[in-house]
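S.K.: Okay, here's the structure, questions in a sec.
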Amino acid sequence: MTSIVNTREIILGALMEITEEEQYCHIVLRDVLTKYQYLEKRDRAFISRVVEGTMENMIQIDYILEQFSTVKVQNMKPVIRNILRMSVYQMQYMDGVPRSAAVNEAVKLTQKKGFYTLKGFVNGVLRAADRGMGEVSFPDAERTPRRYLSVRYSMPEWILQKWLAQFDFEVVEKICRGLWQESRTTIRCNLSRAPKETIIEKLRAQNITVKEVPYLPYALEISDYNYLQAITAFKEGLFQVQDVSSMLVAEVAAPKWGDYCIDVCAAPGGKSLHLSDKLNGSGYVEARDLTDIKVSLMQENLERTGRINMTAVRQDATVFDGASVEKADILLADLPCSGLGVIGRKPDIKYKMTEAKQQELVKLQRKILDTVWSYVKVGGTLIYSTCTIGADENQYNVKWFLENYPFRLESIDPYLCDALKSRTTKAGYLQLLPGIHGTDGFFLARFKRVK
């Protein structure tokens, strides 16, 4: 049985990797849970929740800390800063953890990490927070709406400024709330491998909770599982973890029997696998990405799901490939983006992304589109998608592409369920918003090459 102290030490180590070594939260957490997969389910869940919750709420946590600390958060030693953050998260958001326990364990951890002289500081800040947490004054929504949203939902103000320029305050708050709420695990059933009912039976046989989700009949939500690789149906390749928004790419691409498909930025391969599934063993899907690591990841998924009409290859999407000209009936351009639509799953994205980095990504997106557009046959389809929110990487790119290349935008209503038709499309594109559509933030447009 692992002690609570050791569990908290694991959490601190993960937070240090994320905040100080600039590693990605989901990768660090995946590696930690793989390393400690022998822990009891309760301990693994505690690690996941505190790491993800601390990152997700970091702006608000820092705001609270500065109400009770004489030292600014940014001036604290990194280890102390993260011990205080993870402790405030437990005190503010986890009713099952006694506040006194969170304080005491923080003091012990401070001493264990060699900061004996600072244990009094840690104790004092957390004791003061315990007494005064309910009296913290937060920014006013009417007087300072952007500051209110930033502290309430731990969202950087530069992101909010862009969203508030595009959407009403009420919509932006719904987006923030949707990203802030606990993310769900959504899966796509590989119907070419087994009927949905069979997959559900296998999942429930392992005491996994299964729910239907809106928009697509083959999508399910699963919960109450410990470890993905321990799920029999996953090992047998019967499903792929994928958000519904991402599944809509293959729906809108609508491959026909025998189509040749190229996915230029494919890793980890979910959309390519979906196209392959829809082709029912016909045609071909070429899943490309930049590095050997990404290709090997796609290859693992390809082998697990038993796809025979798909291959994973290393190819830089910014480097022109003459052999691919007019080769694709369907080309997927799901391009590198700021990822602001998946903050709910990868909370550290909002801290790592900057306005300058976003503009560099826009340049990269346009460079890739300029490179790959000619791979599409005349009359063929190009799908442009991102997992982000905002006009810079989405609507403005659509406008730029139409002005410079021989394509026209096509309506995607024929490929959507009634719940998504018309109300969320405009001139052929779809912008899904967390908190409003019940999915990740996602943008999708369908183009047809005309000459």
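The values are calculated or read from the model by the stated rules, or taken from the named source; none is laboratory data. Bear in mind that the values here come from a model prediction, so they are computed numbers and not experimental data. Here the Cβ positions follow ideal geometry from the backbone for every residue, glycine too, while neighbour counts run over all protein chains shown. Note: areas computed on protein heavy atoms with side chains; ligands, DNA, RNA excluded. Shrake-Rupley method; radii C 1.70, N 1.55, O 1.52, S 1.80 Å.
S.K.: Where residues in segment 206-223 are open to solvent by 10 Å² or more (accessible area, probe 1.4 Å), without any contact (Cβ under 8 Å) to a residue 40 or more places away in the chain and within 20 Å of the chain's Cα centre (by Cα), which of them is nearest to ASP31 (Cα to Cα)?
M.R.: SER223
S.K.: Which numbered condition in (1) open to solvent by 60 Å² or more (accessible area, probe 1.4 Å); (2) under 25 Å from LYS357 (Cα atoms) is the only one that TYR153 fails?
M.R.: Of everything listed in (1) open to solvent by 60 Å² or more (accessible area, probe 1.4 Å); (2) under 25 Å from LYS357 (Cα atoms), TYR153 misses just condition (1).
S.K.: Also: Which condition does ARG304 not pass, out of (1) outside any loop (DSSP other than H, G, I, E, B); (2) out of contact with any helix residue (DSSP H, G or I) (no Cβ under 9 Å at 6 or more places or on another chain); (3) open to solvent by less than 60 Å² (accessible area, probe 1.4 Å), if it passes all the others?
M.R.: If we test ARG304 against (1) outside any loop (DSSP other than H, G, I, E, B); (2) out of contact with any helix residue (DSSP H, G or I) (no Cβ under 9 Å at 6 or more places or on another chain); (3) open to solvent by less than 60 Å² (accessible area, probe 1.4 Å), just (2) comes out false.
S.K.: If you take the residues of segment 264-301 that are open to solvent by 20 Å² or more (accessible area, probe 1.4 Å) and assigned to a strand (DSSP E or B), which of them is farthest from ALA317 (Cα to Cα)?
M.R.: Only one residue tops the list, namely TYR284.
S.K.: Would you mention how many residues in segment 366-398 are among the hydroxyl-bearing types (Ser, Thr, Tyr) and closer than 23 Å to VAL171 by Cα?
M.R.: 4
S.K.: Would you check if there is a residue in segment 104-113 being touching a helix residue (DSSP H, G or I) at 6+ places or on another chain (Cβ under 8 Å) and assigned to a loop (DSSP other than H, G, I, E, B)?
M.R.: As a first pass, look at segment 104-113 and keep what is touching a helix residue (DSSP H, G or I) at 6+ places or on another chain (Cβ under 8 Å): 105-113.
Going one step further and asking which of them are assigned to a loop (DSSP other than H, G, I, E, B), we end up with 113.
Yes, segment 104-113 contains a residue that is touching a helix residue (DSSP H, G or I) at 6+ places or on another chain (Cβ under 8 Å) and assigned to a loop (DSSP other than H, G, I, E, B).
S.K.: Could you please let me know if TYR215 is hydroxyl-bearing (Ser, Thr, Tyr) and either over 18 Å from THR439 (Cβ atoms) or touching a Lys or Arg at 6+ places or on another chain (Cβ under 6 Å) (or both)?
M.R.: No; evaluated as a whole, the condition is false for this residue.
S.K.: Another question, then. Just to be sure, is SER374 of a type in the set (Gly, Ala, Ser), open to solvent by less than 20 Å² (accessible area, probe 1.4 Å) and in contact with a helix residue (DSSP H, G or I) (Cβ under 6 Å, 6 or more places away or on another chain)? Explain how you work it out, then say what you get.
M.R.: Numbers: of a type in the set (Gly, Ala, Ser): yes; open to solvent by less than 20 Å² (accessible area, probe 1.4 Å): yes; in contact with a helix residue (DSSP H, G or I) (Cβ under 6 Å, 6 or more places away or on another chain): no.
No: the conditions fail for SER374.
S.K.: Another question about this same structure. Any residue that is over 28 Å from the mean Cα position of the chain (by Cα), at positive phi, at pLDDT 95 or above and open to solvent by 60 Å² or more (accessible area, probe 1.4 Å) - is there at least one of those in segment 119-139?
M.R.: Looking for residues that are over 28 Å from the mean Cα position of the chain (by Cα), at positive phi, at pLDDT 95 or above and open to solvent by 60 Å² or more (accessible area, probe 1.4 Å), one finds none in segment 119-139, hence no.
S.K.: So, of the residues in segment 235-247 that are open to solvent by 20 Å² or more (accessible area, probe 1.4 Å) and of a type outside the set (Lys, Arg), which turns out to be nearest to LYS35 (Cα to Cα)?
M.R.: VAL241
S.K.: Considering (1) within 19 Å of ILE47 (Cα to Cα); (2) modelled with pLDDT under 95; (3) open to solvent by less than 60 Å² (accessible area, probe 1.4 Å), say which one ILE80 fails and leave the rest.
M.R.: (2) is the only condition that ILE80 fails.
S.K.: Hey, another quick one. Does ALA250 satisfy being within 28 Å of ALA419 (Cβ to Cβ), surrounded by 20 or more Cβ atoms within 10 Å (Cβ to Cβ) and aliphatic (A, V, I, L, M)? Walk me through it before giving the result.
M.R.: Values: within 28 Å of ALA419 (Cβ to Cβ): yes; surrounded by 20 or more Cβ atoms within 10 Å (Cβ to Cβ): yes; aliphatic (A, V, I, L, M): yes.
The answer is yes for ALA250.
S.K.: List pairs: first residue in segment 394-411 and within 13 Å of LYS363 (Cα to Cα), second residue open to solvent by less than 50 Å² (accessible area, probe 1.4 Å) and part of a helix (DSSP H, G or I) anywhere in the structure, Cβ distance under 6 angstrom, at least six positions apart or on different chains.
M.R.: Hits for this filter: ASN397/GLN365; PHE401/LEU369.
S.K.: Taking ILE389, is it part of a loop (DSSP other than H, G, I, E, B), touching a helix residue (DSSP H, G or I) at 6+ places or on another chain (Cβ under 6 Å), closer than 23 Å to ALA266 by Cβ and open to solvent by less than 30 Å² (accessible area, probe 1.4 Å)?
M.R.: Yes.
S.K.: Tell me the residue from THR110, THR144, THR186 that is open to solvent by 50 Å² or more (accessible area, probe 1.4 Å) and at pLDDT 95 or above, please.
M.R.: When all the criteria are applied, what remains is THR144.
S.K.: Cβ-Cβ below 6 Å, separation at least six or inter-chain, first residue in segment 167-194 and touching a residue at least 12 places away in the same chain (Cβ under 8 Å), second open to solvent by 40 Å² or more (accessible area, probe 1.4 Å) and among the β-branched types (Val, Ile, Thr): which pairs?
M.R.: Every condition considered, the pairs that remain are LYS174/ILE436; ILE187/VAL241.
S.K.: From the list ILE18, ILE10, which one is closer than 29 Å to VAL151 by Cβ, in a helix (DSSP H, G or I) and either open to solvent by 10 Å² or more (accessible area, probe 1.4 Å) or free of Cβ contacts under 8 Å to residues at least 60 places away in the same chain (or both)?
M.R.: Values: ILE18 fails: either open to solvent by 10 Å² or more (accessible area, probe 1.4 Å) or free of Cβ contacts under 8 Å to residues at least 60 places away in the same chain (or both).
Exactly one of ILE18, ILE10 is closer than 29 Å to VAL151 by Cβ, in a helix (DSSP H, G or I) and either open to solvent by 10 Å² or more (accessible area, probe 1.4 Å) or free of Cβ contacts under 8 Å to residues at least 60 places away in the same chain (or both), namely ILE10.
S.K.: Still on this model: Which of the residues belonging to segment 331-364 are open to solvent by 40 Å² or more (accessible area, probe 1.4 Å) and more than 16 Å from ASN57 (Cα to Cα)?
M.R.: Across segment 331-364, the qualifying residues are PRO336, THR354, GLU355, ALA356, LYS357, GLN359, GLU360, LYS363, LEU364.
S.K.: So for segment 48-58 (the condition being touching a Leu at 6+ places or on another chain (Cβ under 9 Å), surrounded by fewer than 20 Cβ atoms within 10 Å (Cβ to Cβ), among the charged types (D, E, K, R) and in contact (Cβ under 8 Å) with a residue 24 or more places away in the chain), does at least one residue qualify? Walk me through how you get there before you give the answer.
M.R.: Of all residues in segment 48-58, those touching a Leu at 6+ places or on another chain (Cβ under 9 Å) come to 48, 50-52, 54-56.
So of that shortlist, the ones also surrounded by fewer than 20 Cβ atoms within 10 Å (Cβ to Cβ) come out as 48.
Narrowing the set further to residues that are among the charged types (D, E, K, R) leaves none.
Checked against the condition, which is being touching a Leu at 6+ places or on another chain (Cβ under 9 Å), surrounded by fewer than 20 Cβ atoms within 10 Å (Cβ to Cβ), among the charged types (D, E, K, R) and in contact (Cβ under 8 Å) with a residue 24 or more places away in the chain, segment 48-58 yields no hits at all.
S.K.: Of the conditions (1) at pLDDT 95 or above; (2) assigned to a loop (DSSP other than H, G, I, E, B); (3) over 24 Å from PRO434 (Cβ atoms), ASP329 fails just one. Which one is it?
M.R.: Among (1) at pLDDT 95 or above; (2) assigned to a loop (DSSP other than H, G, I, E, B); (3) over 24 Å from PRO434 (Cβ atoms), the lone unmet condition for ASP329 is (2).
S.K.: For PRO195, work out the one condition from (1) at negative phi; (2) buried (at least 17 other Cβ atoms within 10 Å of the Cβ); (3) modelled with pLDDT of 95 or more it doesn't fulfil.
M.R.: Checking PRO195 against (1) at negative phi; (2) buried (at least 17 other Cβ atoms within 10 Å of the Cβ); (3) modelled with pLDDT of 95 or more, the one that fails is (2).
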